[in-house]
Amino acid sequence: MKNTGEENKAGNVRKMFKSISGRYDLLNTLITFGRDKSWRKHVIKEASLKQNALILDVGTGTGGILQEALFLNRNVKAFGGDFTLEMMLAGKEKEKKISWCCADAFNLPFSDAVFDAVTSGFLIRNITDARSAFIEQMRTVKPGGRVVCLETSPPPRNLMRPFVLFHLKLIIPMLGLVFAGNRNAYRYLTETTEAFKTPEELSLIMRDAGLRDIRFKRFMFGTIAVLSGTRPSDLE
């Protein structure tokens with residue numbers, strides 16, 4: 001059962017994504033200079049999907065990761081789970097082949113060892129217990145299957161940091177105001193980027209959850225990372 005803090009955060013996040021659902025994909029393209037598609041493509045590459053593979057995307061939102069999977073291979077069977085109905089409805093207008101369902105990241109409505117890969121995009125920073133979420137994802141993936149996570153990362157302390165922070169603190173909230181009418185939602189997104197874990201730290205959490213063969217790749221001046229791990233074959 002969720003505690004009060006988890007329930008409050010979940011409610012606030014759901015409300016935020018509901019308010020920006022109609023412009024979410026457009027804003028993603030604008031604030032990433034169109035690079036978000038390449039990150040999703042790398043997620044699918046790390047998922048190592050074969051013909052007729054089953055893939056689950058947790059916190060799927062508008063289903064961007066699954067749309068990329070289907071673009072690359074129409075034979076995969078794509079399932080998307082999210083707790084914001086409005087986001088899924090926006091995604092359903094673009095891709096009818098996804099099986100959508102309301103889902104809690106800590107209690108996925110699927111049996112053990114069903115999927116060949118489980119993915120997520122910008123989910124982990126919005127929840128209170130990353131380890132538990134990874135354990136639940138690993139439960140639903142087959143032994144030998146992949147768990148792949150697309151996430152933000154704090155800007156590295158290098159020469160690019162001032163420019164990256166300018167984009168995060170000023171440009172992104174301004175775009176959120178102009179195109180979605182919601183500056184605060186995109187201020188929250190940038191603040192969680194700064195406060196979130198590094199790929200190295202997130203890798204340790206994934207390892208502690210039981211995943212193996214963990215690796216990651218950075219993008220966008222180090223502010224984005226794709227991490228992947230494998231469910232051990234001997235895990236019951």
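The values are calculated or read from the model by the stated rules, or taken from the named source; none is laboratory data. Note that the structure is a prediction, hence the values are computed from the model and not measured. Virtual Cβ from ideal backbone geometry, glycine too; neighbours counted across all protein chains shown.
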Q. Does R131 meet the test of being more than 27 Å from R183 (Cα to Cα), of a type in the set (D, E, K, R) and assigned to a helix (DSSP H, G or I)?
A. yes
Q. How many residues does the stretch 179-197 hold that are surrounded by fewer than 17 Cβ atoms within 10 Å (Cβ to Cβ), over 19 Å from the mean Cα position of the chain (by Cα) and in a helix (DSSP H, G or I)?
A. 3
Q: Out of D104, D129, D112, D82, report the one residue that is surrounded by fewer than 18 Cβ atoms within 10 Å (Cβ to Cβ), closer than 22 Å to F196 by Cα and without any contact (Cβ under 8 Å) to a residue 60 or more places away in the chain.
A: D104
Q. Quick one: which of E46, E68, E6 is at pLDDT below 85 and either basic (K, R) or in a helix (DSSP H, G or I) (or both)?
A. E6
Q: Given the conditions (1) surrounded by 16 or more Cβ atoms within 10 Å (Cβ to Cβ); (2) closer than 23 Å to H42 by Cα, report the number of the one that K96 does not fulfil.
A: (1)
Q. Of all residues in the stretch 188-200 being β-branched (V, I, T) and modelled with pLDDT under 85, which is farthest from I127 (Cα to Cα)?
A. T190
Q: Only residues that are of a type in the set (D, E, K, R), surrounded by fewer than 21 Cβ atoms within 10 Å (Cβ to Cβ) and touching a strand residue (DSSP E or B) at 6+ places or on another chain (Cβ under 6 Å): list them for the stretch 24-59, please.
A: none
Q. What is the residue count in the stretch 198-211 for residues that are touching a Leu at 6+ places or on another chain (Cβ under 9 Å) and either of a type in the set (S, T, Y) or surrounded by fewer than 14 Cβ atoms within 10 Å (Cβ to Cβ) (or both)?
A. 1
(Q) Tell me whether the stretch 205-215 contains one or more residues that are modelled with pLDDT under 95 and more than 17 Å from the chain's Cα centre (by Cα). (A) no
Q. What residue, among those in the stretch 153-178 that are under 15 Å from F33 (Cα atoms) and touching a Leu at 6+ places or on another chain (Cβ under 8 Å), is surrounded by the fewest Cβ atoms within 10 Å (Cβ to Cβ)?
A. L175
Q. Between a first residue in the stretch 172-187 that is over 18 Å from N126 (Cα atoms) and modelled with pLDDT under 75 and a second residue that is outside any helix (DSSP H, G or I) and not aliphatic (A, V, I, L, M), which pairs have beta carbons less than 8 Å apart while being 6 or more apart in sequence or on different chains?
A. none
Q.
Quick check on my filter: what residues within the stretch 212-232 are surrounded by fewer than 22 Cβ atoms within 10 Å (Cβ to Cβ) and of a type in the set (K, R)?
A. R212, R215, K217, R218
